[in-house]
Amino acid sequence: MNRRAVLKSGPAVALAACVPLPAAAGETGVEKAYRAFIAHREWAEATDLSDDEIDASNVKAEEMLRDLVAIPPERPADTAIKFLVVTMDYEALYGNPYRERLEAEVRALIRGAA
């Protein structure tokens, strides 16, 4: 049996369908931004910062948050990550300026799955 015959066989086709795509195996842009955001937050909490340094750290965190929310989700988990970051683990759900955009993404995901 030659290679072409093997590839045309039923088991080979079924097996090929089970192999994950390379993009699915990698980290998404949201996941990378989330890790950077958490690392910054942990650094800021563990470091004895002056008032000016705290202000600068807060500005950087706000910029990181804005950039993270702007990244299009590649997987449903990306929207969940954004939700956790935007709501500060549910501590600041109301009055958050990024909430509406995130809710719209969740609604779109729900409609797409239904």
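Quick notes on this one:
- For the stretch 72-78, putting each phi into the Karplus relation 6.51 cos²θ - 1.76 cosθ + 1.60 with θ = phi - 60° gives couplings of x, x, 9, 9, x, 4, 4 Hz, in residue order, rounded to whole numbers and with x for Gly and Pro.
- Placed amide H near Tyr98: partners under 5 Å, 5+ positions off or other chain: none
- Prolate/oblate/rounded call for the stretch 27-113, Cα gyration tensor, a/c under 1.5 rounded: prolate
- Gain upon complete extension [Ile54, Asp67; 0.36 nm per residue less C-alpha separation]: 2.7 nm
Laboratory data are not the source of any read-out in this text; all were calculated from the coordinates shown. Note that this is a predicted model, so its numbers are computed, not measured.
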